[in-house]
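Since the structure comes first, as structure tokens, the remarks are kept for the end.
The values are calculated or read from the model by the stated rules, or taken from the named source; none is laboratory data. Computed from a predicted model, the values in this text were never measured in an experiment. All Cβ positions, even for glycine, are placed from backbone atoms using ideal geometry, and neighbour counts span all protein chains on display.
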Amino acid sequence: MSANTPDSVPTSPQKNETTIGTRIRNFLITLVAFALGIALYLGLQTENIATALDTQAAESTPLEVALSNGKPTFMEFYANWCTSCQAMAKDLGELKQQYADSVNFVMLNVDNSKWLPEILNYRVDGIPHFVYLGQDGKAIAQAIGEQPRTVMQANLDALVAATPLPYTQANGQVSAFEAPVSTTKAPQDDLRSHGSQVQQ
């Protein structure tokens, strides 16, 4: 008679299948947890960038002040959902710190209807949309879309020196934007028709 030792425990095919099934299930759970962790991390990063844009906007010079304080102004039309705006947020924050004493930085959120007159005045149809204003508050140049930091810095240096901007009418990658108003006029109805429900 042979003695049963721990090494000689017989294994059944059913137990092997259960072990393999458990391992596959655990692997899938780990994989899903890893994917959810990455998605959560990326989601929080996007939220942090949107928060950074909101913080920069809150710290920016109010438009009314910028137009009347005698300093040149760098105005940005942006939105929190704009990927190009998010990509440029860090560079713009650093430029704002660098030029804070000599240039007004104004940020106008295109999702806020308060800025609709400015959106229409500067013909904003893509964001980010940048407007460079002279000391008198009049527009000197515009740039649309994602801009390299070197281009913005060269334009800001020229703006401070009151010399022609080297990069005007620059166009980069944009996020599409359409002003929430229509420029077409509705046809005038005959006042006696009460809206003319009956078409002739």
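Output the residues belonging to segment 98-124 that are assigned to a helix (DSSP H, G or I) and either over 20 Å from the mean Cα position of the chain (by Cα) or more than 15 Å from Thr61 (Cα to Cα) (or both). Talk me through it step by step, then tell me what you get.
Step one: list which residues in segment 98-124 are assigned to a helix (DSSP H, G or I), which gives 98-99, 113-121.
If the condition is that a residue be assigned to a helix (DSSP H, G or I) and either over 20 Å from the mean Cα position of the chain (by Cα) or more than 15 Å from Thr61 (Cα to Cα) (or both), then Gln98, Tyr99, Ser113, Lys114, Leu116, Pro117, Glu118, Ile119, Leu120, Asn121 are the ones that fit.
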Residue match in segment 148-157 (condition: under 23 Å from Ala87 (Cα atoms) and in contact with a Gly (Cβ under 9 Å, 6 or more places away or on another chain)): yes
Flag if Asp54 is surrounded by fewer than 17 Cβ atoms within 10 Å (Cβ to Cβ) and touching a strand residue (DSSP E or B) at 6+ places or on another chain (Cβ under 9 Å): yes
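Within segment 90-110, how many residues turn out to be touching a strand residue (DSSP E or B) at 6+ places or on another chain (Cβ under 9 Å) and more than 19 Å from Leu165 (Cβ to Cβ)?
In the first step, residues of segment 90-110 are kept if they are touching a strand residue (DSSP E or B) at 6+ places or on another chain (Cβ under 9 Å); the result is 92, 95-96, 99, 103-110.
The next check asks that each one be more than 19 Å from Leu165 (Cβ to Cβ); those that pass are 107-110.
The qualifying residues number 4.
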Verdict on Ile140 being closer than 20 Å to Gln56 by Cβ, out of contact with any Pro (no Cβ under 6 Å at 6 or more places or on another chain) and surrounded by 15 or more Cβ atoms within 10 Å (Cβ to Cβ): no
Residues within segment 59-85 that are surrounded by 22 or more Cβ atoms within 10 Å (Cβ to Cβ) and either in contact with a His (Cβ under 6 Å, 6 or more places away or on another chain) or not charged (D, E, K, R) (or both), tallied: 8
Qualifying residue in segment 77-91 (condition: basic (Lys, Arg), part of a helix (DSSP H, G or I), at pLDDT 75 or above and over 30 Å from Ile140 (Cα atoms)): no
Condition broken by Leu156, with the remaining ones in (1) assigned to a helix (DSSP H, G or I); (2) under 21 Å from the mean Cα position of the chain (by Cα) satisfied: (2)
